[in-house]
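The values are calculated or read from the model by the stated rules, or taken from the named source; none is laboratory data. The model shown is predicted, which means the values in this text are computed figures rather than measured ones. Note that each Cβ is placed from the backbone with ideal geometry, even for glycine, and that neighbours are counted across all protein chains shown. Areas reflect the complete protein model, heavy atoms only, side chains present, ligands, DNA and RNA absent. Shrake-Rupley method; radii C 1.70, N 1.55, O 1.52, S 1.80 Å.
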Amino acid sequence: MAGVIAAVAGAAWAAAATLLAPVLRLNLRRRAARGREVAARLGERRGIDPAPRPSGRLLWMHAASVGETVSILPVLEALRGRATVLLTTGTATSQALLDQRIPELGLCGHVLHRFAPLDVPSWVARFLSHWQPDAACFVESELWPNQLAACRRRGIPLMLLNARMSDRSFTRWRRARWFARHILGAFSRVQARSEQDAEWLRLLGARCVDSPGDLKFAAPPLPADQAELDRLTALLAHRPVWLAASTHPGEEALVAAAHRQIAATHPGLLTIIAPRHPDRGSALAEELRAPRRAAGEAPPREGLWIADTMGELGLWYRLAPIAFVGRSLVAPGGGQNPLEPARLACAIAVGPHTGNFSDHVALLRDAGALVEVADAAALAGFVSAMLDDPARRVRLGEQAAASVRRHADLAERTAETLLSMLPVR
């Protein structure tokens, strides 16, 4: 009976998506007008693509946005020359990131980026008919019923990679366990990011689940332009500098308050604010009366500097050895990835709202490599302490870097698993 109910629910979803197709087309155009989609590539969102399918084995990998995309970059490197990867994402920011990282990593001709088709049956069918992937892999929790059903009908092996299941998501899925079993049962392999995620996925009906580790632990350090790093390092020599990274609305005002408190005892202080969404840079610069990087404005002699450029977070983490990781001070938050500054030996602080990265925070906290701060005053106290005690700051950074080295071979093991799903040719 549960299987029948799930099938009916799946059919209802497919019918609803088909009826909504005209609305989705209109919404795509509106998003393109706001810069949320790439106007010249809107056809890809409907499965329309003039680019030819490359010859040989083709693995389709889907990563929703920037975080998921960054996490699989080491896997893409491990797959180089062994299979062609069709990598789909759903955001313009992820496309901009890949435009930069694919050439940097020597993956041109090995990884082909396209925007994912929306979950409309005819659009998904058109996408699959054109690309004919030999296997498909979905990253973390990006699960679309029509995409999964279409792959199943075509006999395309499916893997769920770095799968995660938050407390809230598990509670919601458990209320419709029959549907969860139907969705998760589509995957022949599930690689969970932790044993807790694996247990919840098993309880919801996933098969062949293991938990070799979180791919975010295995990612390489974020890149940086060495010439620009050298220039800025010389420009800011002997000045106190710290970074508020991946900030979200509401946090920048708290960072500014912390800056004022720290600056009272640290003349020449530079606080770099790198918003999670760089398109907020102009508004932030006006609100905080601060110069911004994207406008070509230099850092001030003392004050705030808005680092609103894409793909330069690795530069800021190298330039500023003290880092606060955002989306964590203002509820409900959720956090951003603290492993990125850990790999670059930063002294790290986060706010109290880090539920989406609880394992990452726990790893660093247990290693004595991360400090949790409750508010702007506590953040100011942390930064001041790090500036006043360089030896402690270095020690925290070294402990952070050491704690993330133990998953170095996870990307290669993941690549081997993916290759095993492809036909031998």
query: If you check every pair at least six apart or on different chains, which have Cβ atoms under 6 Å apart with a residue in segment 366-382 that is under 18 Å from residue 341 (Cβ atoms) first and a residue that is open to solvent by 20 Å² or more (accessible area, probe 1.4 Å) and assigned to a strand (DSSP E or B) second?
result: 382/371
message: With the structure loaded, tell me whether residue 109 is of a type outside the set (Val, Ile, Thr), in a helix (DSSP H, G or I), open to solvent by 20 Å² or more (accessible area, probe 1.4 Å) and closer than 23 Å to residue 411 by Cα or whether it fails that test.
response: no
statement: By residue number, the members of segment 223-241 that are open to solvent by 20 Å² or more (accessible area, probe 1.4 Å), in contact (Cβ under 8 Å) with a residue 60 or more places away in the chain and not in a helix (DSSP H, G or I) are 223, 224, 225, 240
message: So, in segment 222-248, exactly how many residues are in contact with a strand residue (DSSP E or B) (Cβ under 9 Å, 6 or more places away or on another chain) and either at pLDDT below 95 or farther than 22 Å from residue 389 by Cα (or both)?
response: 3
message: Can you pull out every residue in segment 136-189 that is more than 18 Å from residue 421 (Cβ to Cβ) and in contact with a Ser or Thr (Cβ under 6 Å, 6 or more places away or on another chain)?
response: 164
- request: Find the residue count for segment 242-266, including only residues that are of a type in the set (Phe, Trp, Tyr) and surrounded by fewer than 21 Cβ atoms within 10 Å (Cβ to Cβ).
  value: 0
task: List every residue pair whose Cβ atoms sit under 6 Å apart, with the two residues 6 or more apart in sequence or on different chains, where the first one lies in segment 193-212 and is on the phi > 0 side of the Ramachandran plot and the second, anywhere, is open to solvent by less than 40 Å² (accessible area, probe 1.4 Å).
output: 205/180; 205/184; 205/185
- prompt: Restricting attention to segment 164-183, and to residues there that are within 22 Å of the chain's Cα centre (by Cα) and either open to solvent by less than 60 Å² (accessible area, probe 1.4 Å) or at pLDDT 95 or above (or both), which single residue is nearest to residue 138 (Cα to Cα)?
  reply: 165
